[in-house]
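See below for the structure under consideration.
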Amino acid sequence: MSWQAHYITLFPDMFPGPLGTSLAGRAHEAGIWQCQTHALRDHGLGKHKNVDDTPSGGGAGMVLRADVAAAAIEHVQAQTANLPLLMPSPRGQIFDQAMAQQLAKGPGAIFFCNRFEGVDERVIEAFDVREVSIGDYILSGGEPAALAMSDAIIRLLPGVMGSALSSQEESFANGLLEYPQYTRPNSWQGAEIPEVLVSGDHQKIAQWRAEKSAEITQKRRPDLWAKYLPTKK
Ligand code: SAH
């Protein structure tokens, strides 16, 4: 069974977008994941297919109407069985590798992509939507966030990455950032590859990498390091 990605959006043309090339693109062609878009506009109201209205209580911008959003969600849920409903939102839980792994193990996801100032809060409550953020900054819409999250999930699906090992060793897989990488030439502009990496001693190499991983995480991401330490004990 393919992993099912459903995108509810005002801009269906944005999908699969960058996920149609390279690793995700090949996986798409191979049927490892499926991309289905659902135009929010189809559920719009009146001659102009309106989807938004002014915020109750006043203020700038527009808000996606509850009735329109609900109709779109119900339409997709009627044709899918029990897929998690995610809504990209700066107020959401921060998306991380653990969430990507968890979603990759499941059958797929529905991404409800907002625009404007977001959607009427009653929809979030009624559908028990999971709000997810890709970081503390504001995008113009949920689509780029849905693409970023989908990319992180798709590369974890069985058969997508050449070597399963590479996903086990990279940053965050064990709670740490990755060690530095090198390749030929051994000497470049007077800078040499660390000697241990050309020693052929696999145990020493593993030890060096673990040390570097710890050093870099401690220095750059004290928050990750603090979370990692208790798991080590
Ligand atoms: N007024 C809102 C921001 C609206 S941005 C606020 O202050 O919270 C428009 C839409 O872009 C959001 O509804 C959300 O779907 C998406 N978006 C913006 N930033 C995002 C982020 N960091 N992560 C995920 N989605 C985001």
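The values are calculated or read from the model by the stated rules, or taken from the named source; none is laboratory data. Everything numeric here is computed off the predicted structure, so don't read it as measured data. Ideal geometry is used to build each Cβ from the backbone, glycine not excepted, and the neighbour counts take in all protein chains shown. Side chains included, ligands, DNA and RNA excluded: accessible areas come from the protein's heavy atoms. Shrake-Rupley method; radii C 1.70, N 1.55, O 1.52, S 1.80 Å.
Over the chain, what percent of the accessible surface lies on carbon and sulfur atoms, probe 1.4 Å?
Reported share for carbon and sulfur atoms: 51 percent.
Based on Cβ point charges of +1 for Lys and Arg and -1 for Asp and Glu, what charge dipole magnitude is obtained for the chain about its Cα centre, in debye rounded to the nearest 20?
The calculation lands at about 420 debye.
Who wins for biggest fluctuation among 139, 40, 103 in a Gaussian network model of the chain, springs between alpha carbons below 10 Å?
139
Give me, ordered by chain and number, the residues 5 or more places off residue 7 or on other chains with an amide H under 5 Å from its own placed amide H.
The answer is 36, 37, 38, 111.
Using θ = phi - 60° and the Karplus form 6.51 cos²θ - 1.76 cosθ + 1.60, what ³J(HN,Hα) does each residue of region 115-127 get, whole Hz, x for Gly and Pro?
Each residue of region 115-127 in turn: 10, 6, 8, x, 10, 3, 4, 5, 5, 4, 6, 5, 9 Hz.
Would you compute, for the Cα atoms of the chain, the largest minus smallest coordinate along each principal axis and list the three values in descending order, in whole Å?
71, 41, 39
Counting only the backbone N, which residues of region 201-228 are under 20 Å from the spot 7 Å out from the Cα of residue 182 toward its beta-carbon?
Within reach of a label on residue 182, which here means backbone N under 20 Å from a point 7 Å along Cα→Cβ, region 201-228 contributes 201-217.
Taking H as built 1.01 Å from N, whose amide H comes closer than 5 Å to the amide H of residue 133, not counting residues under 5 places away?
For residue 133, whose amide H was placed from the backbone, the distant partners under 5 Å are 89, 92, 93, 94, 95.
For the chain, what's the relative contact order in percent, using C-alpha pairs closer than 8 Å and at least 6 residues apart?
The normalised contact order for the chain reaches 19 percent.
If the elastic network links every pair of Cα atoms under 10 Å, which of 59, 118, 20 fluctuates the most in the Gaussian network model of the chain?
59
Set the Förster radius R0 to 45 Å, insert the Cβ-Cβ distance between residue 116 and residue 173 as r into 1/(1 + (r/R0)^6), and round the FRET efficiency to 0.05.
0.80
Simple spin-label model, 7 Å along Cα-to-Cβ: residue 219 to residue 199 in nm?
2.0
Take the eigenvalues of the Cα gyration tensor for region 172-232, scale each by 5, and report the square roots as semi-axes in whole Å, largest first.
Ellipsoid half-lengths, sorted descending, are 26, 14, 8 Å.
Please give every one of the lysines within straight-line cross-link reach of residue 219, meaning a C-alpha to C-alpha distance under 22 Å, and leave out same-chain neighbours fewer than 8 residues apart.
227, 232, 233
Rule-of-thumb check for region 133-196: C-alpha Rg over 2.2 N^0.38 Å?
Working it through for region 133-196, the quotient is 1.60.
Any idea which of 21, 5, 57 is furthest toward the positive side of the dipole for the chain, if Lys and Arg beta-carbons carry +1 and Asp and Glu beta-carbons -1?
21
Taking the solvent-accessible surface of protein heavy atoms with a 1.4 Å probe, what is the per residue accessible area of the chain in Å²?
So the chain comes to 58 Å² accessible per residue, rounded to a whole number.
Report the extension gain between residue 45 and residue 60 in nm, rounded to one decimal, defined as 0.36 nm multiplied by the number of residues separating them, less their alpha carbon distance.
Fully extending the segment from residue 45 to residue 60 adds 3.2 nm.
Beyond 16 Å, what share of the Cα-Cα pairs of region 1-108 remains, rounded to the nearest whole percent?
So the portion of pairs separated by more than 16 Å is 69 percent.
What shape does region 1-40 take by its C-alpha gyration tensor, where a ≥ b ≥ c are the square roots of the eigenvalues and a/c under 1.5 counts as rounded, a/b above b/c as prolate, and the rest as oblate?
Verdict is oblate for region 1-40.
With unit charges on the beta carbons (Lys and Arg positive, Asp and Glu negative) and the dipole taken about the Cα centre of region 139-233, which residue among 188, 228, 150 sits farthest to the positive side?
228
Quote to one decimal, in nm, the extra length available between residue 207 and residue 131 on full extension: 0.36 nm per residue of separation minus the C-alpha distance between them.
23.4 nm
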